[in-house]
Amino acid sequence: MPVVLTGEGEFITWYVATTGKPYFIKQDSTRADMQDLTDDGFGQSVGAKAPTGTVVEAPKG
């Protein structure tokens, strides 16, 4: 069953897998500041690698 948030004439609907691991599957929205999303390929490699070279921390404050 989807989870729906409504208010002021707009809605957001979130879909989560109900079998197996509860992965986020999809987001539908009528809000201008939120895009529709669909996720898939869970558990597949994305080819991420650790950065090389010197690591510089951001200034605090």
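The values are calculated or read from the model by the stated rules, or taken from the named source; none is laboratory data. Fair warning: this is a prediction, and the values are worked out from it, not measured in the lab. Virtual Cβ from ideal backbone geometry, glycine too; neighbours counted across all protein chains shown. When the accessible area is computed, the model is the full protein with side chains, heavy atoms only, and any ligands, DNA or RNA have been set aside. Shrake-Rupley method; radii C 1.70, N 1.55, O 1.52, S 1.80 Å.
So is PHE24 at pLDDT below 90, surrounded by 10 or more Cβ atoms within 10 Å (Cβ to Cβ) and in contact with an Asp or Glu (Cβ under 7 Å, 6 or more places away or on another chain) or not? Yes; evaluated as a whole, the condition is true for this residue.
Pairs are defined by a Cβ separation below 8 Å, a sequence spacing of at least 6 or placement on different chains, a first member in the range 32-61 that is open to solvent by less than 100 Å² (accessible area, probe 1.4 Å), and a second member that is in a loop (DSSP other than H, G, I, E, B); the pairs so defined are ASP39/TYR23; PHE42/LYS21; PHE42/TYR23. Pairing each residue of the range 4-27 that is within 17 Å of ASP40 (Cα to Cα) with any residue that is among the small types (Gly, Ala, Ser) and at pLDDT below 95, provided the two are 6+ apart or on different chains, yields C-beta distances under 7 Å for TYR23/ALA17; ILE25/ALA17.
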